[in-house]
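One structure is given here, and the rest of the page talks about it.
The values are calculated or read from the model by the stated rules, or taken from the named source; none is laboratory data. Note that the structure is predicted; figures quoted are calculated from it, not measured. Here the Cβ is made from the backbone with ideal geometry for all residues, glycine too, and neighbour counts use every protein chain on show. Heavy atoms of the whole protein, side chains included, go into the accessibility calculation; ligands, DNA and RNA do not. Shrake-Rupley method; radii C 1.70, N 1.55, O 1.52, S 1.80 Å.
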Amino acid sequence: MRRAAAGAVLAAWVLLCPLAAGAAISTACRVPDIFLTFDSDLGRTERLVDRSAPVRILMIGPQPDRQALSDKKRSRLEVELSRRLPNITFTIIDEGATQGLARDDFGRIRSAVERVAPDLIIWQVGTADALAATDPESFAQTLEQAADWLRGRNIDLVLIDPPFVPGVDHEHLYGRIVKQIDAVSDKERMNVVQQYGATSYLQSSARSPAEGRACMAELVAEAIVKAVTR
């Protein structure tokens with residue numbers, strides 16, 4: 001299993017996994033490569049990058065004022081992608097605030113695909129489902145359906161799992177949904193930026209949770225670029 005709660009397994013990752021390399025990631029945001037490594041290729045995005053063609057990115061997720069990729073961070077994500085691939089024009093399309101339940105987000109994805117024809121979808125998923133105690137099987141089925149639907153339309157998908165937020169009563173709910181995302185992504189070979197693991201690592205490295213979440217634009221950009229240039 002690629003993700004687990006902070007503790008012994010995280011300590012083993014720190015000892016055994018190299019840090020994400022390269023000058024592209026700032027020192028304050030460096031994490032083990034395992035959190036940024038995808039299970040499969042981003043085939044459509046890679047082909048566009050190889051041709052130096054523009055890439056359209058659709059972002060779906062929870063209320064942006066509460067999450068790592070807020071409107072401000074989205075602008076930074078575009079900057080971080082362009083820093084790594086300066087010859088590529090990235091257009092980030094924001095679908096706006098959502099309730100964040102996976103089944104509702106999937107409906108918005110289907111509608112948005114028809115309107116904006118994205119090449120890549122970045123989907124922050126799981127936070128609202130964790131807090132709402134969504135049935136795990138139903139949640140997993142929604143992710144599988146979304147992956148299959150997008151695959152059939154040759155659209156790349158990157159998931160971002162919930163953040164690690166220490167010191168709150170509902171933290172165990174996040175851990176449970178992260179494990180569910182892990183199981184589904186293993187089965188479907190879905191690509192996940194492991195926000196939970198990365199923010200847990202950064203928090204354990206004497207950084208505040210807010211500082212860890214502030215790194216997500218860099219980490220998402222790094223994971224995507226690693227995938228399309230490997």
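Filtering the range 86-110 to residues that are open to solvent by 60 Å² or more (accessible area, probe 1.4 Å) and either on the phi > 0 side of the Ramachandran plot or part of a helix (DSSP H, G or I) (or both) leaves R103, D104, R108, R110. Here G100 clears all of (1) touching a strand residue (DSSP E or B) at 6+ places or on another chain (Cβ under 6 Å); (2) at pLDDT below 95; (3) not polar (S, T, N, Q) except the condition numbered (1).
Starting from the range 35-49, keep only residues that are closer than 28 Å to K179 by Cβ, then list their pairs with residues that are open to solvent by 50 Å² or more (accessible area, probe 1.4 Å) and not in a helix (DSSP H, G or I) whose Cβ atoms are within a distance under 6 Å, requiring at least 6 positions of separation or different chains. Here the result reads D39/R189; S40/R189, each pair linking the range 35-49 to a residue that is open to solvent by 50 Å² or more (accessible area, probe 1.4 Å) and not in a helix (DSSP H, G or I).
Taking the range 133-150 only, how many residues are surrounded by fewer than 13 Cβ atoms within 10 Å (Cβ to Cβ) and either within 23 Å of R47 (Cα to Cα) or of a type outside the set (S, T, Y) (or both)? So the answer is 4. Please verify whether G167 is modelled with pLDDT under 90, surrounded by fewer than 21 Cβ atoms within 10 Å (Cβ to Cβ), more than 22 Å from I25 (Cβ to Cβ) and within 16 Å of the chain's Cα centre (by Cα), treating the condition exactly as stated. For G167, the condition - modelled with pLDDT under 90, surrounded by fewer than 21 Cβ atoms within 10 Å (Cβ to Cβ), more than 22 Å from I25 (Cβ to Cβ) and within 16 Å of the chain's Cα centre (by Cα) - is not met.
Any residue at all in the range 163-180 that is hydrophobic (A, V, I, L, M, F, W, C), in contact (Cβ under 8 Å) with a residue 12 or more places away in the chain and in contact with a strand residue (DSSP E or B) (Cβ under 8 Å, 6 or more places away or on another chain)?
No; the residues of the range 163-180 include none that is hydrophobic (A, V, I, L, M, F, W, C), in contact (Cβ under 8 Å) with a residue 12 or more places away in the chain and in contact with a strand residue (DSSP E or B) (Cβ under 8 Å, 6 or more places away or on another chain).
Does the range 188-203 contain any residue that is open to solvent by 10 Å² or more (accessible area, probe 1.4 Å), closer than 20 Å to D33 by Cα and among the polar types (S, T, N, Q)? For the range 188-203, residues open to solvent by 10 Å² or more (accessible area, probe 1.4 Å), closer than 20 Å to D33 by Cα and among the polar types (S, T, N, Q): present.
Only residues that are within 21 Å of E80 (Cα to Cα), open to solvent by 10 Å² or more (accessible area, probe 1.4 Å) and modelled with pLDDT of 65 or more were counted in the range 204-216, giving 2. Being open to solvent by less than 10 Å² (accessible area, probe 1.4 Å), part of a loop (DSSP other than H, G, I, E, B) and modelled with pLDDT under 90 is a property that P162 has.
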